[in-house]
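**Student:** Please read through the structure below; I'll follow up with questions.
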Amino acid sequence: MSAQRTAPVVTGTGEAARPGGRRRFKLSTVLRIRELGIVIALVILVAYTTANNSRFLSSQSVRDILLSTSILAVLAAGQTVVVVTRNIDLSVGSILGFSAFSVATVMAANPGLPVVAGLAMGLVLGGVCGLVNGVIVRFGQVPALVVTLGTLYVFRGITYSWAGGQQVNADELPRGFLRFANDAVLGVPWLVLIGLVVIGSVSLVMRNYRFGRELYAMGSSPEAAELAGIRVARNTVAAFVVSGALAGLGGVMFASRFGTVDAAAGTGLELNVVAAVVVGGVAVFGGSGTAYGAGLGALLLTVIGSSLAVLDINQFWQRAIVGALILLAIGADRLVAVRIARGLLRKDVHA
Amino acid sequence: MPDLKTRLGTWDVLVLVVTLVFLAFAVSQVENFGTSVNFTFLVLDLLPIMLIALPMTLIIITGEIDLSVASTLGLTSALMGYLWNQGMSIELIIPACLVVGGLLGALNGVFVTVLGLPSLAVTIGTLALFRGLAFVVLGDTAVANFPFSYTSWVTGTIAGTSIPNVLIIMLVLALVCGVVLHATPLGRALIAIGANDQAARFAGINAGRAKFSLYVISGVTAGLAGVLWTLRYSTARADNAAGLELAVVAAVLLGGVSIFGGKGTLPGVIAGVVLLGSLQNVLRLEDVSNESLNIVTGVLLIISVLLPNTAAAVSTAWHRRRLRSGAEGGAHVA
């Protein structure tokens, strides 16, 4: 833990002590290695699978992969915002289910509603769920793990007791809502476009805007952030609202894509989201990581899933692989952190 | 400091009192709750939560967590079905499942203590990994033809009484854990590790070894719970006990164990498990669906941490105000 905490300091001392040019280069290379690693893994995986079965790169298959990725990536972007502040949101799968079922029910009852209304409703519903999480975490001083583990079951339970075993079928939904998932603008399906916009804007805000930088500062050292005058309370709640709202948006995308929605929609999805985020290079102890890394993580997970199907490997391996990837990713992070810390120590001795 | 101690003392006692009041209420008001048949069911329902909650208490007291327990249960259950299908004898399968449980726990332990990774992230990873492996082992099929002598022992009662056989296992393990935590140097060491890991190290406590053994014990107990679960329902399935970690963590925190480590008592946890279990039992008797039950568990989990925290915040604020008014009074005198 201490090694990870020292890591962000590296750039600071490096800049102050001048010969830091090299150090900074090193650190950024290390960070780039993660994204590069995912891209290389993706290329190898796609090449291998395609060599075994050329159907894998057919336009239908690529389209399926991208549609699934976009839903997972939207949730992963929200999760990144929360994890960077040294919190976690395990309730996203349940929020997705709640939003998917609510929006599908409303859309089925009011066929005249435009798709935009559904999207807005999902965002708001999810945002309210996220607000509940954020307020309990911040003002109740309860660890995010406990709160969101609790609300994971509360939100799911509410959906179940409301749905009571019923489901919304595709033929009840307005045609425009279902077409939304399949329609494309300039060849890019709407869902993929939403995924790209979300990943892009979250990355941008976290990289270039004050709110985003404050989130990193909070994750690196909550105490220091508070002392530096950052409005930690407001930002923490906001992070959970963003995560909830994006999970709600993911619910609308889910409903539009699959058409048939019951209370179990998105069950267990939080594991895939956490895996995508961690594999994408977001440190579990906060303070570092990017939304586009998490997006790449989501793409890798989805491609692994469809490769298993195409290669005729037992589908049940997928969940085990998700778990193994989480362990691999946090293990690799630790290795990098230890190495940076050792390198720093050596430099200090020389100076 | 005494302030803190009395507060925790009262939380333990509070849960215990609430549990007893609730049991009295249920026996007198809820139809069929007090029957001996329902008592057996109640104990059988409590069994896996209690078994896993005991080592979980020790782990949380050292400031770590193990979210993979329910998946360990699922994997040992799946393994049990697989080995039984392969024609292995049940006398060999049961110890094999316990050993595998221990190995799975050791894997968690290596990641947490040797590699120094955060236990939350590690056990979320193994939660997915172990459950995935359970499905790899058994797929979505079920194995059901376990020997009657074993399944009937697990669901049976001691001859001539209405005391379930498994209650003995539960009591023995609870006693062992209670004695270890509250009456041995090791127990003091665990609390010290949770209160201040570094100080404990300087005091000569091998925190890594202690945590590693706890993860192994947690794995073995989850394996035992897997065996008993399989025999109780006479069904080995890969998705057995999915989500049980919520109930376990909820019961432990409800029992007054601090999620930050260093504080907690075993009698409190036992009261927490019994309260949670009997509450679920009553709701089930009142025909509340399983999914809705999860709302109750989830809310209890949050409240059990929220309430003491809020109480602490209120008491600090009150204390400060008293101090301030005391200081003003002093100024007047001067």
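The values are calculated or read from the model by the stated rules, or taken from the named source; none is laboratory data. The structure displayed is predicted, hence computed values, not measured ones. We place every Cβ from the backbone using ideal geometry, glycine too, and count neighbours over all the protein chains shown.
**Student:** Which condition from (1) in contact with a Pro (Cβ under 7 Å, 6 or more places away or on another chain); (2) buried (at least 16 other Cβ atoms within 10 Å of the Cβ) is the one that A:Pro111 breaks?
**Tutor:** (2)
Conditions (1) modelled with pLDDT of 95 or more; (2) crowded, with 24+ Cβ neighbours inside 10 Å; (3) over 26 Å from B:Leu253 (Cβ atoms), marked per residue:
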| site | (1), (2), (3) |
| --- | --- |
| B:Val69 | yes, yes, no |
| B:Leu103 | yes, no, yes |
| B:Val114 | no, no, yes |
| B:Ile124 | no, yes, no |
| B:Phe130 | yes, yes, no |
| B:Gly139 | no, no, yes |
| B:Val143 | no, no, yes |
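**Student:** Any idea how many residues of segment A:297-321 are away from chain B (no Cβ under 14 Å), in contact (Cβ under 8 Å) with a residue 12 or more places away in the chain, assigned to a helix (DSSP H, G or I) and more than 21 Å from A:Ile199 (Cα to Cα)?
**Tutor:** Number satisfying all stated conditions: 3.
**Student:** Does A:Val205 count as more than 14 Å from every other protein chain (Cβ to nearest Cβ), assigned to a helix (DSSP H, G or I) and touching a residue at least 24 places away in the same chain (Cβ under 8 Å)?
**Tutor:** The answer is no for A:Val205.
**Student:** Identify, by number, the condition in (1) surrounded by fewer than 13 Cβ atoms within 10 Å (Cβ to Cβ); (2) under 19 Å from A:Met107 (Cβ atoms) that A:Gln167 doesn't meet.
**Tutor:** All conditions are met except number (1).
**Student:** Might you check whether a residue that is closer than 16 Å to B:Glu64 by Cα and among the hydrophobic types (A, V, I, L, M, F, W, C) occurs anywhere in segment B:226-242?
**Tutor:** no
**Student:** Pull out all pairs, ordered by first then second residue, where Cβ-Cβ is under 7 Å, the residues are six or more apart or on different chains, the first lies in segment B:94-120 and is free of Cβ contacts under 8 Å to residues at least 24 places away in the same chain, and the second is not in a helix (DSSP H, G or I).
**Tutor:** From residues that are free of Cβ contacts under 8 Å to residues at least 24 places away in the same chain, the pairs are B:Phe111/B:Leu117; B:Pro118/A:Val284; B:Pro118/A:Phe285.
**Student:** Looking at (1) at pLDDT below 90; (2) part of a helix (DSSP H, G or I), can you tell me which one A:Pro111 breaks?
**Tutor:** Failed condition: (2).
**Student:** Taking segment A:268-291 as the region of interest, how many residues are small (Gly, Ala, Ser), buried (at least 21 other Cβ atoms within 10 Å of the Cβ) and facing chain B (nearest Cβ under 10 Å)?
**Tutor:** 2
**Student:** Here is a follow-up. Has segment B:231-248 got at least one residue that is crowded, with 24+ Cβ neighbours inside 10 Å, under 29 Å from B:Val143 (Cβ atoms), among the β-branched types (Val, Ile, Thr) and within 14 Å of chain A (Cβ to nearest Cβ)?
**Tutor:** yes
**Student:** Give just the number: which of (1) more than 26 Å from A:Ser203 (Cβ to Cβ); (2) without any contact (Cβ under 8 Å) to a residue 40 or more places away in the chain does A:Phe101 not satisfy?
**Tutor:** (2)
**Student:** Just checking, which of A:Ala247, A:Ala294, A:Ala265 is crowded, with 24+ Cβ neighbours inside 10 Å, in contact with a Ser or Thr (Cβ under 9 Å, 6 or more places away or on another chain), touching a residue at least 12 places away in the same chain (Cβ under 8 Å) and within 14 Å of chain B (Cβ to nearest Cβ)?
**Tutor:** Of A:Ala247, A:Ala294, A:Ala265, the one residue that is crowded, with 24+ Cβ neighbours inside 10 Å, in contact with a Ser or Thr (Cβ under 9 Å, 6 or more places away or on another chain), touching a residue at least 12 places away in the same chain (Cβ under 8 Å) and within 14 Å of chain B (Cβ to nearest Cβ) is A:Ala265.
**Student:** State all residues of segment A:57-90 that are assigned to a loop (DSSP other than H, G, I, E, B) and away from chain B (no Cβ under 13 Å); if no residue qualifies, say none. Break it down into steps so the answer makes sense when it comes.
**Tutor:** Step one: of segment A:57-90, the residues assigned to a loop (DSSP other than H, G, I, E, B) are A:58, A:85-90.
Residues satisfying the conditions are A:Ser58, A:Thr85.
**Student:** Let me ask something else about it. Going through segment A:91-108 one residue at a time, which ones are of a type outside the set (A, V, I, L, M), in contact with a helix residue (DSSP H, G or I) (Cβ under 8 Å, 6 or more places away or on another chain) and either more than 19 Å from A:Thr148 (Cα to Cα) or part of a helix (DSSP H, G or I) (or both)?
**Tutor:** A:Gly93, A:Ser94, A:Gly97, A:Phe98, A:Ser99, A:Phe101, A:Ser102
**Student:** Given the criteria closer than 23 Å to B:Val269 by Cα and part of a helix (DSSP H, G or I), does B:Leu83 qualify?
**Tutor:** Here the answer is no, as B:Leu83 does not meet what is asked.
**Student:** Tell me which residues, restricted to segment B:273-289, are crowded, with 23+ Cβ neighbours inside 10 Å and either within 14 Å of chain A (Cβ to nearest Cβ) or touching a His at 6+ places or on another chain (Cβ under 9 Å) (or both).
**Tutor:** B:Leu276, the sole residue that qualifies.
**Student:** Return the only residue of A:Ala324, A:Ala332 being part of a helix (DSSP H, G or I), at the interface with chain B (Cβ under 9 Å from one of its Cβ atoms) and closer than 28 Å to B:Gly109 by Cβ.
**Tutor:** So the residue among A:Ala324, A:Ala332 that is part of a helix (DSSP H, G or I), at the interface with chain B (Cβ under 9 Å from one of its Cβ atoms) and closer than 28 Å to B:Gly109 by Cβ is A:Ala324.
**Student:** While we're on this one: Looking at B:Val136, B:Val180, B:Val143, B:Val216 in this structure, which one is of a type in the set (A, V, I, L, M) and out of contact with any Gly (no Cβ under 9 Å at 6 or more places or on another chain)?
**Tutor:** Criteria check complete, one pass: B:Val136.
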